[in-house]
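Input: a single structure, listed below in structure tokens.
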Amino acid sequence: MKPDAILVNTARGKLLKSFGVLQEHMHAHREFQAFLDVLPMEPPGEDGLISSWRQGEDWLSERLIINPHNAYYSDMSRMDMRRDVVETVRLALYDGVFRNTVN
């Protein structure tokens, strides 16, 4: 990737070959940033990049953000999901509106 790119991965962890490749690129290019919602290996094992991130090392400060893919789980999100399901079914049964249809 370009030295000043920003990698954002919220899709599939396997899109990133390994933490080692990311660590090398981040060391070589101080302006490169990565924001990860998924990881190549979950849960992550013992790894240099993960250890550096967990320890809050300065060279990664504000350049590497790792957020668990299930971060949206909360009491409020569960209520929202249930409400959305009921509303979707109600719309389909009573109003004939199928808002989640994929052609």
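Scanning the range 1-18 for residues that are in contact with a helix residue (DSSP H, G or I) (Cβ under 8 Å, 6 or more places away or on another chain) and under 9 Å from Asp37 (Cα atoms) yields a single hit, Asn9. Can you say whether Pro44 is at pLDDT below 85, under 28 Å from Leu15 (Cα atoms) and in contact with a strand residue (DSSP E or B) (Cβ under 9 Å, 6 or more places away or on another chain), as far as the supplied structure shows? Criteria met by Pro44. The set of residues from the range 10-32 being surrounded by fewer than 17 Cβ atoms within 10 Å (Cβ to Cβ) and closer than 19 Å to His69 by Cα comprises Thr10, Ala11, Arg12, Gly13, Lys14, Leu15, Lys17, Ser18. Selection over the range 30-50 of residues that are among the β-branched types (Val, Ile, Thr) and touching a helix residue (DSSP H, G or I) at 6+ places or on another chain (Cβ under 6 Å) gives a count of 1.
Scanning the range 16-38 for residues that are more than 12 Å from Met1 (Cβ to Cβ) and touching a strand residue (DSSP E or B) at 6+ places or on another chain (Cβ under 7 Å) gives Phe35, Leu36, Asp37, Val38.
The values are calculated or read from the model by the stated rules, or taken from the named source; none is laboratory data. Keep in mind the model is a prediction, meaning the values are calculated, not measured. As a convention, Cβ positions derive from the backbone with ideal geometry for all residues, glycine included, and neighbour counts pool all protein chains shown.
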